[in-house]
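Student: I'd like to ask you about the structure that follows.
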Amino acid sequence: MEAKLKELQQLAQQEIREAGASEVLEKVRVKYLGKKGELTEVLRGMGSLSAEERPLIGKVANEVRESIEEMLASAKNLIKEKELLARLSSESLDVTMPGKAPAVGKRHPLIQGMDELKEIFIGMGFRVAEGPEVETVYYNFDALNAPPNHPSRDMSDTFYINDNLILRTQTSPVQVRTMEKLKPPIRIISPGRCFRNDTPDATHSPMFHQLEGLVVDKGITLADLKGTLEVFAKHFLGEHTKIKFRPHNFPFTEPSAEVDASCFKCQGEGCSFCKGSGWVEMLGAGMVHPNVLRNCGIDPEVYSGFAFGMGIDRLVMMKYEIDDIRLLFENDMRFINQF
Ligand code: PHE
């Protein structure tokens, strides 16, 4: 039996020496020292030994086990070292190779335009106010003096969540929310997303952006509105820009106007861009209706105000000569990188 054990030791030593990889070494370990391994197998035969022989053979068996374990351990270290070296050399970096430039994002033209608009108005003393995109019928219509039968309330124009909740169709509800919270003097702009039940085409998108403006104080007149919008138009569209008021109707302003700017491409001469008219439509505006002031707890006998609302998408499209609003929402980097 002692000879058998010595032989096992020899064989194991041989196989350990030849093992070149950790997995192979592990197999060798299991083969000799595992529960069903060869050494265990031999030891199982010890039962048939005499009482004198047993401790002697037991000692040899222990020595063999220890020596196999030692050989395994040192072989394991060697193999690990070899494998590490191999990995290091295979994963080494060639720092002289040309790098891959990470794709850098770009500010969306809409955001660029929005920032420019904000900057102009902040420069005139306006503060930015925000309101929710999911709005109540009260703030979007009722408080803004829209009659119950106003066509914009129709399901075909407005996205209803339920009878009282909608996706806001304009940024004007922020006027009401602001006047409820702040005492005059009030001077705010509110840029944000709006929604209307429109089929997308080159000039319509069910999701678009507006920027609302509101000023309320003692003695605010139409002249203040005109002056403010003129300064804005000159900053945004160019020093020579003129503006023109056309009578219009909004439920929440009286009088109301649509405001045009002289075409910034032909300076008002008439070109294909302005369809020969010399003017481009810029925004809607007017003096805040006394009913709206009253709805917000502001006395129209003491205070007056003006408001305006512009389509940011439209103005950005005009300025950057983008001919399809859908391009703004496709997030194609080839498009966005142009601005
Ligand atoms: N809310 C109006 C619209 O969506 C624009 C507007 C705002 C008009 C403020 C007058 C005053 O068309």
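Student: Looking only at residues that are outside any loop (DSSP other than H, G, I, E, B) and away from the ligand (no atom under 13 Å from the Cβ) in segment 238-248, which one is least open to solvent (accessible area, probe 1.4 Å)? So that I can check it myself, show each step before the final result.
Tutor: Looking only at segment 238-248, we keep the residues that are outside any loop (DSSP other than H, G, I, E, B), and these are 243-248.
Among the residues that remain, those that are also away from the ligand (no atom under 13 Å from the Cβ) are: 243-244.
Details: 243: 34, 244: 70 Å².
The extreme case among them is 243.
Student: A follow-up question, please. Any residue at all in segment 269-280 that is surrounded by fewer than 19 Cβ atoms within 10 Å (Cβ to Cβ), assigned to a loop (DSSP other than H, G, I, E, B) and in contact with a helix residue (DSSP H, G or I) (Cβ under 8 Å, 6 or more places away or on another chain)?
Tutor: No; the residues of segment 269-280 include none that is surrounded by fewer than 19 Cβ atoms within 10 Å (Cβ to Cβ), assigned to a loop (DSSP other than H, G, I, E, B) and in contact with a helix residue (DSSP H, G or I) (Cβ under 8 Å, 6 or more places away or on another chain).
Student: What tally of residues in segment 249-266 results from selecting those that are assigned to a strand (DSSP E or B), farther than 29 Å from residue 153 by Cα and touching an Asp or Glu at 6+ places or on another chain (Cβ under 9 Å)?
Tutor: Narrowing segment 249-266 to residues assigned to a strand (DSSP E or B): 249-250, 253-262.
This time we only want the ones that are farther than 29 Å from residue 153 by Cα, so: 261-262.
This time we only want the ones that are touching an Asp or Glu at 6+ places or on another chain (Cβ under 9 Å), so: 261.
So the answer is 1.
Student: Kindly indicate whether residue 251 is surrounded by fewer than 21 Cβ atoms within 10 Å (Cβ to Cβ), in contact (Cβ under 8 Å) with a residue 40 or more places away in the chain and within 13 Å of the ligand (Cβ to nearest atom). Walk me through it before giving the result.
Tutor: Numbers: surrounded by fewer than 21 Cβ atoms within 10 Å (Cβ to Cβ): yes; in contact (Cβ under 8 Å) with a residue 40 or more places away in the chain: yes; within 13 Å of the ligand (Cβ to nearest atom): yes.
Against the criterion (surrounded by fewer than 21 Cβ atoms within 10 Å (Cβ to Cβ), in contact (Cβ under 8 Å) with a residue 40 or more places away in the chain and within 13 Å of the ligand (Cβ to nearest atom)), residue 251 qualifies.
Student: Sticking with this structure for a sec: Pick from segment 299-325 the residues that are within 12 Å of the ligand (Cβ to nearest atom) and at pLDDT 95 or above: which of them is surrounded by the most Cβ atoms within 10 Å (Cβ to Cβ)?
Tutor: Of all residues in segment 299-325, those within 12 Å of the ligand (Cβ to nearest atom) come to 305-312, 314.
Keeping just the survivors that are at pLDDT 95 or above gives 305-312.
Numbers: 305: 28, 306: 23, 307: 25, 308: 22, 309: 23, 310: 25, 311: 21, 312: 22.
Per the stated criteria, the residue is 305.
Student: Can we say residue 206 is of a type outside the set (A, V, I, L, M, F, W, C) and without any contact (Cβ under 8 Å) to a residue 60 or more places away in the chain?
Tutor: On the way: of a type outside the set (A, V, I, L, M, F, W, C): yes; without any contact (Cβ under 8 Å) to a residue 60 or more places away in the chain: yes.
Taking the combined requirement at face value, the residue satisfies it.
Student: Looking at segment 186-197, is at least one residue surrounded by 19 or more Cβ atoms within 10 Å (Cβ to Cβ) and either away from the ligand (no atom under 16 Å from the Cβ) or at pLDDT below 95 (or both)?
Tutor: no
Student: Within segment 87-119, track down each residue that is assigned to a helix (DSSP H, G or I), surrounded by fewer than 17 Cβ atoms within 10 Å (Cβ to Cβ) and in contact (Cβ under 8 Å) with a residue 40 or more places away in the chain.
Tutor: Here is the first cut: in segment 87-119, the ones assigned to a helix (DSSP H, G or I) are 87-91, 109-119.
Filter once more, keeping what is surrounded by fewer than 17 Cβ atoms within 10 Å (Cβ to Cβ): 87-91, 111-112, 115-116, 118-119.
Correct list: 112, 116, 118.
Student: Please verify whether residue 276 is small (Gly, Ala, Ser) and either within 14 Å of the ligand (Cβ to nearest atom) or in contact with a Cys (Cβ under 7 Å, 6 or more places away or on another chain) (or both), treating the condition exactly as stated. Steps first, please.
Tutor: Details: small (Gly, Ala, Ser): yes; either within 14 Å of the ligand (Cβ to nearest atom) or in contact with a Cys (Cβ under 7 Å, 6 or more places away or on another chain) (or both): no.
For residue 276, the condition - small (Gly, Ala, Ser) and either within 14 Å of the ligand (Cβ to nearest atom) or in contact with a Cys (Cβ under 7 Å, 6 or more places away or on another chain) (or both) - is not met.
Student: Out of curiosity, is residue 180 touching a residue at least 24 places away in the same chain (Cβ under 8 Å), over 26 Å from residue 261 (Cβ atoms) and either open to solvent by less than 40 Å² (accessible area, probe 1.4 Å) or part of a helix (DSSP H, G or I) (or both)? It would help to see each step written out before you state the result.
Tutor: On the way: touching a residue at least 24 places away in the same chain (Cβ under 8 Å): yes; over 26 Å from residue 261 (Cβ atoms): yes; either open to solvent by less than 40 Å² (accessible area, probe 1.4 Å) or part of a helix (DSSP H, G or I) (or both): yes.
Criteria met by residue 180.
The values are calculated or read from the model by the stated rules, or taken from the named source; none is laboratory data. Predicted model only: the values in this text are computed from it and were never measured. We place every Cβ from the backbone using ideal geometry, glycine too, and count neighbours over all the protein chains shown. SASA here: full protein model, heavy atoms, side chains in, ligands and nucleic acids out. Shrake-Rupley method; radii C 1.70, N 1.55, O 1.52, S 1.80 Å.
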